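Notes for the one structure printed next.
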Amino acid sequence: MAVYTSISDEDLASFLADYDIGDPLSFSGIAEGVENSNFMVRTTTGTYILTLYEKRVNPDDLPFFLNLMNHLAGKGLSCPRPVPKKSGETLSSLNGRPAAVVTFLDGIWHRKIMPVHCRALGTEMARMHQMGADFEMVRENSLSVRSWRPLLESCGPQADNVKPGLYGFLDEEIGFLEENWPTDLPRGVVHADLFQDNVFFLGDELSGFIDFYFACTDMLAYDLAICLNAWCFESDGSFNITKARLMITAYEEVRDLSDAELSALPVLARGAATRFLLTRLYDWLNHPEGAFVKPKDPMEYHRKLSFHQSVSSSAGYGI
């Protein structure tokens, strides 16, 4: 979450008049994240999240995201649910941006990740994958392997200003991934962005997932690979194999991973690290002036990718 587009008190009051959620009492921008403009809105009936979808989000994808949240919430997953307007529509417009209001989810995200949190994530991720099995809408992953080379080329030689030789390093890695990316693993709905700030806890109990705006139809094990990157490295850059083992085994207690999925984990983890290294690199080089958001360090994922390049089997993740 972040804030790129500002709104005034008058803008908000006029916008909320189309909803049956009471009168606004207060609102504030949410600085975390990188994609959309987000505000916490408190009204006379409760607390909500207002999202303005920025230019990187394709407006044609919004029905997928909003319907998916409704579907998963209806199945019992704890996640925000889109709030309909008085007209029944869940998608609106504000200050020239598509916009939506969703329910507020109680909980906090943990800055210090413990093994118990990784286990809880593995369980709930597998439940989400099962709940999404009968979701009928399809959205292909617009940030999968086919997008990585164009993304690198859009960064161009400036990549080497971040780290000398980075362009060549990524060019070689993308070539490997293009040749070795799996195509026949089980597919379904994936969140594709389950970073710590998108997973809420009450104490050590997982209270829900938020921010489904990268969700798509892709290999289910790719979601797990993203989380190995986001949750299982320590602040010094070392990989915590205990956290990885707990996450994967908890996942398998709900949904079995095939031998092919386990064998593909090192390649999937390399792909996930490459994806986030590239998007962070692009944002680092193209940071909007005055945006109420701090770009994330792309080199964190350079270090993670280098680790995954040394892993030859799922044993490297404790399995």
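Every number in this text was worked out from the coordinates using simple rules, so none of it is lab data. Quick caveat, the model's predicted, so the values are computed rather than measured. No Cβ is skipped: glycine too gets one built from the backbone with ideal geometry, and neighbour counts run over all protein chains shown.
Restricting the calculation to Cα atoms, segment 127-170 shows an Rg/Rh of 1.29 when the hydrodynamic-style radius is the Kirkwood one.
Over the C-alpha atoms of segment 1-90, the Rg to Rh ratio, Rh being the Kirkwood estimate, stands at 0.95. Compared with the alpha-carbon gap, the fully stretched path from N240 to S26 is longer by 72.9 nm at 0.36 nm per residue. The radius of gyration of the Cα set in segment 92-170, together with its Dmax, comes out at 19.6, 47 angstrom. Full extension of the chain segment joining T47 with E300 gains 87.7 nm, where the gain is 0.36 nm per residue of separation less the Cα-Cα distance. Here each label is just a point 7 Å from Cα along the line to Cβ, and for N95 and S154 those points are 2.3 nm apart. Lysine pairs in the chain whose alpha-carbon atoms fall under 27 angstrom of each other, counting only those eight or more residues apart or on distinct chains, come to 17.
Placing a label point 7 Å from the Cα of T249 along the Cα-to-Cβ direction, the residues of segment 105-136 whose backbone N falls under 20 Å from that point are 113-127.
Relative to the longest principal axis of the Cα atoms of the chain, the long axis of helix 145-155 makes an angle of roughly 80 degrees.
Which value results for Rg/Rh of segment 193-304 when Rg is the Cα radius of gyration and Rh the Kirkwood radius based on the inverse mean 1/r?
Details: Rg = 15.2 Å, Rh = 15.5 Å.
Value, to two decimals: 0.98.
Eigen-decomposition of the gyration tensor built on the alpha-carbon atoms of segment 20-159 gives equivalent ellipsoid semi-axes of 26, 22, 19 angstrom, largest listed first. For the chain, the relative contact order works out to 18 percent when only alpha carbon pairs closer than 8 Å and six or more residues apart are counted. Global size of segment 147-254: 16.6, 46 Å for Rg and Dmax (C-alpha atoms, Rg to one decimal, Dmax whole).
What would the Debye formula give as log10 I(q)/I(0) at q = 0.09, 0.13, 0.14 Å⁻¹ for the alpha-carbon point model of segment 115-317, no solvent? The Debye formula, applied to the Cα set alone, gives -0.33, -0.71, -0.83. Label-to-label distance for M40 and K163 is 3.4 nm, based on points extended 7 Å past Cα in the beta-carbon direction.
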